[in-house]
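Here's the structure, in structure tokens; my notes come after.
A short reminder: the numbers here are calculations on the coordinates, not readings from a lab. Keep in mind that this is a model prediction, so the values were computed, not measured. In this analysis, Cβ positions are derived from the backbone assuming ideal geometry, glycine residues included, and neighbour counts consider all displayed protein chains.
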Amino acid sequence: MQTQKILAAMVMIVGLMLAACTPTGSLNDTSWLLVGLNGQAVASGTTVTANLNGTLTGTDGCNSYSTSYTVRGAKITIDKDMVTTMMACPEPIMQQAGTYATALALAATFKTDGRQLTLLDASGKTLATFAAQSTELGGTSWIVTGYNNGNQAVVSVLVGSKLTAEFSADGKLGGSSGCNNYTATVEASGKSIKIGPAASTRMACAEPAGVMEQETGYLKALGTAASYRLDGNQLELRTADGALAVTFERAR
């Protein structure tokens, strides 16, 4: 009996040690917008985000990034070896992105109340401050940047055409599909989304070439969406198997 108690205690201790070394707890499945960096405001016109869900992902204001992290109580370690895209942006934005990456690498502890996240270095100096990022679609407007053409490829919107999406607070989606206006119902909960069949006007457009085929492909892609990811000025809809269905950028 005593041996069983000892074994049970050992299992509990190991479980607690493992839990303490994984990115769970108050930071798990949270999304944030950077509002302060080394005591300075974020550069005007830039959006810097941090999404923590086993992996730290986001945008540094120019490029998308991804890296690993671990949390132990109030301590946090963020891997400095990030994977990023390779876009070039104006020098002030690139400088801010570099400063942000350095801040993440220096983070040693964090504080959060659910509405704000603060990263601090080993001496307790504030490195970066974030505000909670809303994942609500209602009341947001978007411009389509790409859609799945049904042949396992995401294609860009035709030059000379504009596709839009506006999500209302009462579960409606509407916009322009390049030639016609459309409406559809939307059910969104957590990260899941279901978009009903779209009803649209019945205009026929000749230009740009392929605009009607694009319209058909876009509306079909909307109907395949099963999940969504909102990150700053970017929105992705994905199918049930994780494939990209439609990509958007926030309308200015």
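Results, tabulated for the structure shown:
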| read-out | value |
| --- | --- |
| Placed amide H near residue 128: partners under 5 Å, 5+ positions off or other chain | 38, 119 |
| Computed log₁₀ I(q)/I(0) - Debye formula, equal Cα scatterers, no solvent, the chain, q 0.17 Å⁻¹ | -1.23 |
| Residue-averaged [θ]222 nm for the chain, counting only DSSP H segments that reach four residues, each worth -39500 (n - 2.57) | -6500 deg cm²/dmol |
| Paramagnetic reach from residue 166 in region 178-201 [backbone N under 19 Å; point 7 Å along Cα→Cβ] | 178-187, 196, 198-201 |
| Total lysine pairs under 14 Å (Cα atoms) in the chain, excluding pairs fewer than 8 apart on one chain | 5 |
| Backbone HN-Hα couplings from phi across region 93-106 [Karplus 6.51/-1.76/1.60, Hz, Gly and Pro as x] | 6, 5, 5, 4, 4, x, 5, 5, 4, 5, 4, 4, 5, 8 |
| Taking the chain and dividing mean pair separation by its residue count, relative contact order in percent (alpha carbons under 8 Å, at least six apart) | 13 |
